[in-house]
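One structure below.
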Amino acid sequence: MKTYDAIVVGAGHNGLTNAAFLAKAGLNVLCVEKNDYIGGAAVSRNLHKDWIYSNCSYVCSLLRPEIFRALELHRHGLQVTPYGGSVTFMQNGDYFGSYWDSEVSYREKARFSKRDADAYIRYSTDTMRQCRFIRDFLLRTPPDPTSFKPADIRELLLLGRKFMEMGEDRMYETIRFWTMSVAEYLGEYFETDVIKTALSGSGIIGTALGVHSPGTAYVLLHHYMGDVDGNVGTWGYARGGMGGVSKSIAGAFQAYGGELRTDAGVDKIVVKNGKVKGVALTTGEEIDARVVVSNMDVKRTFLQCMDESDLDPEFYRRVRNFKSRGSSGKLNIALNGLPTFPALPKGSSLMHSDMHFIDSMERMERAYDDWKAGTWSKDPYVDMLIPTLVDPTMAPPGKHFMSCFIQYCPPQINGRRWTDAERDAFGKTVIDQIANYSPDFKSLIEHVEIRTPQDIEDQIGITEGNIFHGELTMDQLLFNRPVPGYAQYRSPVGGLYMCGSSTHPGGGVMAAPGANAAREILFDLKRHNTVPENFGDD
Amino acid sequence: MTEQYDAIVIGAGHNGLVCAALLGKAGRKVLVLEANEQVGGAAVTRRFADDYSVPACAHLLYQLQPQVKKDLGLNIALASDDMETVALSTDGQHVRYSSDRVHGVSDADAASYRDFHRRMSRFANLLQTYLNKPPPRLGTKDRKDLVTLARLGLDLRMLGRKEMREFLRLIGMNIHDEVTERFENKLLKGALSLDAVLGTHLGPRSPNTIMTYLYRLAGNGGRLAAPAGGMGAVSEALAQAARSNGVTIRTGMPVQRVIVDNGRVTGVETQNGENFASFTVVSNADPKTTILNLVGARHVETGFARRISNIRMQGNAAKLHLALDGLPVVQGLEKRDFGARLLIAPDEHYVERAFNPAKYGETSPEPVLEISIPSFRDSTLAPTGKHVLSAIVQYAPYRLKKGWDKAAREAFKETTLRKITEFMPDIDGRITAVEMLTPVDIEQEFHMGGGHWHHGEFTLDQFMFVRPVSGAAQYAMPLDGLFLCGAGTHPGGGVSGAAGRNAARALLAREKTA
Amino acid sequence: MNVIEVHQGRLESPFYPRLKALDRLDNWHTWKGYTTPDALFDAELEYFAIRNSTGVFDLTPMTKYRITGKDSLAYVDRLVTRDMQKVTAGRVAYAVWCNDQGQVIDDGTIFHLREGEYRLCSQERHLPWLMAAAIGFDVTIREETADIAALAVQGPTSYSIMRNLGLHGLENLKPFGLMHFDFQGTELMVSRTGFTGDLGYELWLSPGKALALWDALFEAGRHYDIRAMGTHALEQARIEAGYLAAYQEFLPADETVRTGRSRSPFELGLDWLVDFRKPNFNGRRALAAEKLKGSKWRLVKLDIEGNKPAHHSYIYAKPRKNKKEIGFITSASWSPVCKQNIAIGSVRMPHGVTGETVWVEVYYQREMHWSRVMAKATVVDKPFWFPARRSATPPAPY
């Protein structure tokens, strides 16, 4: 029977990236996927007539350009188109918009507060400074601060040097930034509630924390540190939906000679004498490999696909305590036409932007209180987009696809599985909220896919449906991610690696965990490194 | 010609007294000016009804630093060391714990608690070393700073690989996750959650609450003490130590302003118009009050003034005092148990739910309480056979949406009494007098901005290197001759004396190098 | 609630109709949201209007703040590095203001309009900083950019035009002085200030009378060769006068992402603006420390050999061996009036002392062919253009 050099479990974007870099180095790689489609949470699904849904992740910014370039993803069909702006509809009939043109944005903020309009420059400068600090570490393996190995010490010194380079004053500001809540951070710059609210969304997306929880300023950064064509903080659409990302990476992988199998769910990762031997599929088939790389989240990998007896008890306990909390839901809607938003003037560029329907920090925080109480937010934070205004490939002519991301939505209702009625009620909550600002919206709905974290777990396999494969809190970042002592993509089992978003630098369609893991694997196998270094920006 | 002092300390709170005493001990001529008639700031015992006295703000001692006791040769008599905590249950199935022992829980929980306590104590001990040093500056080439930072790194390493990893993971975490990972008993989870959030604007789910929990442990190893003669006795002992070191303490002397002349501090002016001259003024008042009110922002630079005004310091703790004509009945408690600290925090979710309204400027409809009956040990506080009950009640946000008027105070008092009645059904008939201090009352009585007993929220973004604000963590303010020594500086609040001691040391070290 | 969408395009200043009427080139750009001409009919002639007759530039988009209240003097004195006690009512001061680290946030002019009333005029917007600086002061800060229309009237004939306009008493107005006049029932403020280093005035009034003022001004200047001008001409004159521009000679300190990219007043050659006799001002502590420790950078004016403008060039201490750059050019131009190749640059200390020879690497292209020269340059201390008429009081009539 054939023994692969490596088997990657899960054809999510990180698994595919990992597989592609391993294959590029000349390894004989198999990537197995339990579903009959690839992509994991970066998919384009045809679930209703001629509509294509980006039914999980829906926009693209974090995807590392170094990886795009190294894997030549444009040759495999990936095209990312930036989009701009956002709008927050207000209960009093007003709205707050953010525009591509900085002067227009200035005027819009000045409508609420001239001070806030000015403050935006300092806010974005200070935030960008933190982005620059972290961006250099996205394509690097986190050092182990307890280790005396030269590589770890070197990396720690680099981290220290980057920190020191900021100068004394900004070092203190950095400490504060990394420990603050997004509400407090924004409060130091802005006085207008709706402006703070509009900016705070990025601090809680995908996170089981509220805008007032310490540590959420970092989550904000996590959504700002990406770029499209060097414009840091910009987001874009993958043409044809987010499946385009996965498809192109898979294309690269196969071009390097990799082998892809769908409908091949892994039942167990097989360990023999403390070393990985291969995988056993749910069909009973066993496939051998020298290296197994799991793109699954860390809980699923070690708690469900392995025997406890094969693992170090301390490691096992830590994985069990790893926080992977579902907090986000999704509505994918097929529309028979473009809904109108009477608050917006005709021809407003804001139609193409992210739309939000919650206008105060209190409403943001209360949305979180519902989640803590074990139910979905009755007045949720919705991040809504109509990609078909930019990308004509996702719906028939004249029709539209609407993507709604919802915060907060619990993985279970009061500790038990969701019922269908509850799922419908959740969907209705979201639709009603949007319909408050768009009278014709409901009549244009042709089909709705409602996805709770439970559905995401059932279909994609992510524990609790946490979009980041684990909370982005300080105790689960950098050298603490996924668990202390195992932040360098290696597991306690020889030959078994992790490459999913549970590892540094975390979730989002970034592909960095997959690439970083590939670099470590190639190092261990004494192979030529195929993973690029970051571009650097100074 | 006014008399010239080597240093003037504004405020005879425990930190002010510690600082003054140490400066006096170093041979400095020191004057302490206290606004109230009594020394002690928030660590005082005072009358609240005929023949009834209470510790009016802080009511338990758990953080007084051994270094402070040692430096000042304090010998504080304790009526109780390692006081027990009882997490109350309405059905009488209470959970009791004192530093490293717990009763009323499963064996697994008991074992887990011992492990939890051991680890937390170890981290708290590490923390304690640094609570008793002025924070080093970052990014400087100063040898002392570099040594302290290197020591910190080394101390972390000395924990051992496993514990160091655990420390780095836990330090930013919340208490909720830690207690739910470890324990099954609801009362225990609720009680430990409450311990972590007492005096803060945080709920148990807020990241950072492990840190606040560790801080609580960093002093007396988590052992709760009740000083003989009440909290006021601690302050009296500190005042005595100061006086015996030649310090002059004048009470009833509220300071109007710090006099700044030609860019440096030259003395203070009291509200009654007296001037006292000194080129060193040390303020035990909170940083906002000191800089914005006593000094005036115009005498400092804009960035600093902005940082000071951005300090978050809005208290959430109210104080309830009851005069009782006898001990209340609590199911499952014997008489001797009333010497313990009693908690009302039935589970960790309850504590979080109590916190929720505080975020929106509302009081908790179901509050959490830390109760002590100080008269149980100290017969001077109440007539024979009668008692006083002192409780810290959360959450009562300083900035109440509707404002703290009389009605709001009454309403919260009623809410609190209703909650106590659930656990002490006969209490209503025993009450002869009630006093409720809201954070606004606490602000007024004890002169702490926002009624916040840490003089500034105790979170990592206002901790150590950046407390009270970035660039001013070494007690000397960016105005020549001005120092802070209160809870608003490193390490923070609680009757610990660490800030006062650190400030005195920083001041003396500075004089040496100058 | 009926919301009107904010204006999506460029804003028009109150003078726009007149500028548009004079425009032949259709060369416009955005300046702080306003549409502003690069040049209107001939950039070169517009420049020579400044040096030879009178050029008129629409200043309205400049950011303006009104500072009033009991503590306004104490406030501005703490805000900026120079001593504002000396700037009496009716006087104007060029000033810089710093953050606590002693790094320049911006430069600008402060008009002491009347007792207790100031106008601060700057290139960038600073309301959050100005409001933070007001903590503890009894002052009101109001942004008034759109409430004041402003024109720069610059050149040797400008005084005669002003006199022709009926503004009597201006003959005694010294540089950095200001006077109030009545113009058709509206208050017109005239200051003897400018960005050209030549004789000139700036006119400030409410936008309602902007067009009337323009018309009266051009009528008064009809025989004095008055010309409207665009940014191009002004920029050339600015470099000749050796003035600083934000985002060229320095970056506003709080808008730099990277550490070390901002500048202190000393590093911009503005030592004369820093008055340590004041007990407190923003940046004082850091600047005092810098004074002791020494600065990292020095701003230099360079007289460069040859005639190839040294845009974006590196500066070297030596032409060949040990070639290590010591700085870079921030602004460069051929000076038509001095017939000199001039530039302003930032060099590392201890370089840049007056009279020092440095080398500037100039790239230029002629018909697709790129050439590089190492041009010798001399550090000079005076502005390149500093005519006696600039400060003559009373100004010579034309």
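Some values worked out for this structure:
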quantity: For segment A:325-335, Karplus couplings with θ = phi - 60° (6.51, -1.76, 1.60), whole Hz, Gly/Pro x; calculated: 10, x, 9, 10, x, 8, 10, 10, 10, 8, 10
quantity: For the protein assembly as shown, share of DSSP beta bridges that run antiparallel, in % to the nearest 5; calculated: 80
quantity: Inter-chain Cβ neighbour average for residues C:123-129, partner chain, 10 Å; calculated: 6
quantity: The protein assembly as shown, dipole about Cα centre (Lys/Arg Cβ +1, Asp/Glu Cβ -1), debye to the nearest 20; calculated: 3860
quantity: Calculated from backbone phi, Karplus (6.51, -1.76, 1.60) coupling profile of segment B:488-495 in Hz, x at Gly/Pro; calculated: x, 9, 4, x, x, x, x, 7
quantity: Exposure proxy order (Cβ contacts within 10 Å, fewest to most) of C:281, B:376; calculated: B:376, C:281
quantity: Karplus (6.51, -1.76, 1.60) ³J(HN,Hα), θ = phi - 60°, over segment A:125-142, in Hz, Gly and Pro reported as x; calculated: 5, 5, 5, 4, 4, 5, 4, 4, 5, 7, 4, 5, 9, 5, 9, 10, 7, x
quantity: Residue A:412-residue C:367 pseudo-label distance in nm [points 7 Å out on the Cα-to-Cβ vector]; calculated: 8.2
quantity: Under 20 Å from residue C:70, Cα to Cα: lysines that are on another chain or at least 8 residues apart; calculated: C:86, C:278
quantity: Gyration tensor (alpha-carbon) shape descriptor, segment B:15-87, a/c threshold 1.5; calculated: oblate
quantity: Average partner coverage of C:96-102, which counts Cβ from other chains inside 10 Å; calculated: 4
quantity: Expected 222 nm ellipticity per residue - DSSP helices of 4 or more, -39500 (n - 2.57), all of chain B, to 500; calculated: -10500 deg cm²/dmol
quantity: Total formal charge among the other residues, if their Cβ is under 12 angstrom from that of residue A:85, Lys/Arg +1 and Asp/Glu -1; calculated: -3
quantity: Within segment C:290-305, backbone nitrogen closer than 17 Å to the virtual label 7 Å beyond the Cα of residue C:353 toward Cβ; calculated: C:294-301
quantity: Partner lysines for residue A:442 [C-alpha distance under 16 Å; skip if fewer than 8 residues away on the same chain]; calculated: A:399, A:428
quantity: Within-13-Å neighbourhood charge of residue C:43 [Cβ basis; K, R +1; D, E -1]; calculated: -4
quantity: Proximal aspartates and glutamates to residue A:2, defined as alpha-carbon separation beneath 18 angstrom and excluding residues fewer than eight positions away on the same chain; calculated: A:259, A:285, A:286, A:288
quantity: Distance between segment C:76-101 and segment B:181-211 - C-alpha centres, whole angstrom; calculated: 52
quantity: Sequence of C:97, C:334, C:204 once ranked by neighbouring C-beta atoms within 10 Å, starting from the fewest; calculated: C:334, C:204, C:97
quantity: Value of relative contact order over chain B, rounded to a whole percent, pairs C-alpha under 8 Å and six or more apart; calculated: 24
quantity: Whether segment A:224-281 is rounded, prolate or oblate, judged on the alpha carbon gyration tensor where a/c under 1.5 counts as rounded; calculated: prolate
quantity: Of A:49/A:372; A:24/A:277; C:174/C:382, those spanning more than 30 Å from alpha-carbon to alpha-carbon; calculated: A:49/A:372
quantity: Over chain A: helical MRE at 222 nm, DSSP H runs n ≥ 4 each giving -39500 (n - 2.57), nearest 500; calculated: -10000 deg cm²/dmol
quantity: Charge dipole magnitude, Cβ of K and R +1, D and E -1 - segment C:201-328, Cα centre, debye nearest 20; calculated: 1000
quantity: Global geometry of segment B:350-438, whether rounded, prolate or oblate, following the gyration tensor of its Cα atoms and the 1.5 cut on a/c; calculated: prolate
quantity: Packing-based exposure ordering (other Cβ within 10 Å, fewest first) of C:371, A:202, B:283, B:375; calculated: C:371, A:202, B:375, B:283
quantity: Average beta carbon contacts from partner chains per residue of B:465-471, 10 Å cutoff; calculated: 4
quantity: Length-normalised contact order for chain A - Cα pairs under 8 Å, 6+ apart - percent; calculated: 24
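Any read-out appearing in this document is the output of simple, stated calculations on the displayed coordinates, not a laboratory observation. Keep in mind it's a predicted model, so treat the numbers as computed, not measured. Note that we place each Cβ from the backbone using ideal geometry, even for glycine, and neighbour counts take in every protein chain shown.
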